[in-house]
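Asker: Here you go, one structure.
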Amino acid sequence: MSIMEYNGGAIIAMKGKGCVAIAADRRFGIQALTLGTDFQKLFSATDKIYFGLAGLATDVQTLSEKFRMKVDMYHLREEREISPKTFAHMVSSTLYEKRFGGYFVFPTVAGLDANNEPYICNMDGIGCITTPNDFVVSGTAENQLYGMCESLWEPNLEPEDLFETISQALLNGVDRDAISGWGGIVHVITPEGVITRTLKGRMD
């Protein structure tokens, strides 16, 4: 088993009409053994930027604190909020500078820029960024999530429709992966604020 699959996990980000959503499962386990059902894989960088970390749980916690520190330092130096694209490149360079003994995570970034345009991206373990126009997935369930997202996603979804779409994609995707699941959490980022909801899934 790959070290990337040791703790399991599933993360999706989707674009909507003037909004963006990011969702993750809540399972914390060691291979097939489930140890917890409330593990945090999504974190807020600013009021309009969230990021998810799929991979080794220790690196998830290490990098979430490192990114929080770097965002605070950016805010102090620049005296302005960091944009989603800049934040994504900061994440990418942080991973790339450790490329010879890298972090075992695949980050996903979702947010709204200064013009409230949605931005999503994900990257591999050394920070190579992918920025599609529809959705990104990562984690051990990514093959299943790709199929669900391809089936359900449509352009220009309103916030409530986007929530329903990403929730169904996540719940049905993780049902087909043994080492992710146990409920989920969804953040829908809109110009007015962030809507956060917890999903109940199959607990087996």
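Asker: Let me spell it out: the conditions are (1) in contact (Cβ under 8 Å) with a residue 12 or more places away in the chain; (2) more than 13 Å from the chain's Cα centre (by Cα); (3) not in a helix (DSSP H, G or I), and LEU162 meets all of them except one. Which number is the exception?
Answerer: Unmet for LEU162, out of (1) in contact (Cβ under 8 Å) with a residue 12 or more places away in the chain; (2) more than 13 Å from the chain's Cα centre (by Cα); (3) not in a helix (DSSP H, G or I): (3).
Asker: On to the next question. Yes or no: VAL136 of a type outside the set (S, T, N, Q), part of a strand (DSSP E or B) and either open to solvent by less than 30 Å² (accessible area, probe 1.4 Å) or closer than 24 Å to GLN40 by Cβ (or both)? Give the derivation first.
Answerer: Values: of a type outside the set (S, T, N, Q): yes; part of a strand (DSSP E or B): yes; either open to solvent by less than 30 Å² (accessible area, probe 1.4 Å) or closer than 24 Å to GLN40 by Cβ (or both): yes.
In short, yes.
Asker: A further question follows. In this structure, does LEU145 turn out to be farther than 30 Å from SER2 by Cβ, touching a residue at least 60 places away in the same chain (Cβ under 8 Å) and open to solvent by less than 10 Å² (accessible area, probe 1.4 Å)? Steps first, please.
Answerer: Values: farther than 30 Å from SER2 by Cβ: no; touching a residue at least 60 places away in the same chain (Cβ under 8 Å): yes; open to solvent by less than 10 Å² (accessible area, probe 1.4 Å): yes.
Criteria not met by LEU145.
Asker: Something else now. Of everything in segment 76-119, what is outside any strand (DSSP E or B), open to solvent by less than 30 Å² (accessible area, probe 1.4 Å) and under 25 Å from PRO155 (Cβ atoms)? Give them in sequence order.
Answerer: PRO84, PHE87, ALA88
Asker: Count, please, the residues in segment 173-204 that happen to be surrounded by fewer than 20 Cβ atoms within 10 Å (Cβ to Cβ), farther than 21 Å from SER44 by Cα and within 17 Å of the chain's Cα centre (by Cα).
Answerer: Final tally of qualifying residues: 0.
Asker: Let me ask something additional. Checking TYR119 against (1) over 30 Å from ASP38 (Cα atoms); (2) within 14 Å of the chain's Cα centre (by Cα), which test does it fail?
Answerer: That leaves (1) as the condition not met.
The values are calculated or read from the model by the stated rules, or taken from the named source; none is laboratory data. This structure is a prediction, so every number in the text was calculated from the model and none was measured. With ideal geometry, Cβ positions are generated from the backbone for all residues, glycine too; neighbour counts draw on all protein chains shown. The area values use the complete protein model at the heavy-atom level, side chains included, leaving out ligands, DNA and RNA. Shrake-Rupley method; radii C 1.70, N 1.55, O 1.52, S 1.80 Å.
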